[in-house]
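Notes to accompany the following structure.
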Amino acid sequence: MICGIWTVILVWLSLMPASQIPSHRWIEIPHLDKIVHFFLYLITAYIWTNYLIHKIEKNKAIILGIGFGSLLGLITEYAQPIFFEGRHFEILDIVANIVGSLSGAILFYFVYPHLKR
C-alpha cells in the first residue's frame, strides 16, 4: 500500500508544472534539485525493495527495486516536457535518480542483511 501511495506522490512531484515548484532561492545549496532527486529515488528503491523482499528472493527484490526506481525516474524525466511547459529533460536528474535508486536498494541490503528470502 505504501509503495503505491509513495509512487503516486513521486510521479505527481516529478510531473507538476514548473509554476508550482517551490523556489529554493532563499537556500544557497548548489545542485539542490539533484540532491532532492537522489533522496526521492533512494526512498523509492528502499520501500519497493522492502515490499518485494516479502514476495520474492532477496537478490531479485534488490535488482527489481533498483530497476523500478531507475525506470520510473527515466520515464518521468522524459515525460516532463511533454506534459508541462516550463519543465525540461535533464540528464543529471536521471543520473541522480539512478544513483538514488542504487543507494536505496543497497541501503536496504545492509540494513536488513538477515533477510534471506
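List of remarks:
- Verdict on residue 106 being aliphatic (A, V, I, L, M), part of a helix (DSSP H, G or I), out of contact with any Gly (no Cβ under 6 Å at 6 or more places or on another chain) and surrounded by 19 or more Cβ atoms within 10 Å (Cβ to Cβ): no
- Pick from region 71-98, criterion surrounded by 17 or more Cβ atoms within 10 Å (Cβ to Cβ) and either charged (D, E, K, R) or under 11 Å from residue 38 (Cα atoms) (or both), ranking: farthest from the chain's Cα centre (by Cα): 87
- Pair list, Cβ under 8 Å, 6 or more apart: region 46-58 residue β-branched (Val, Ile, Thr) and surrounded by fewer than 18 Cβ atoms within 10 Å (Cβ to Cβ), other residue in a helix (DSSP H, G or I) and modelled with pLDDT of 90 or more: 56/64
The values are calculated or read from the model by the stated rules, or taken from the named source; none is laboratory data. Keep in mind it's a predicted model, so treat the numbers as computed, not measured. As a convention, Cβ positions derive from the backbone with ideal geometry for all residues, glycine included, and neighbour counts pool all protein chains shown.
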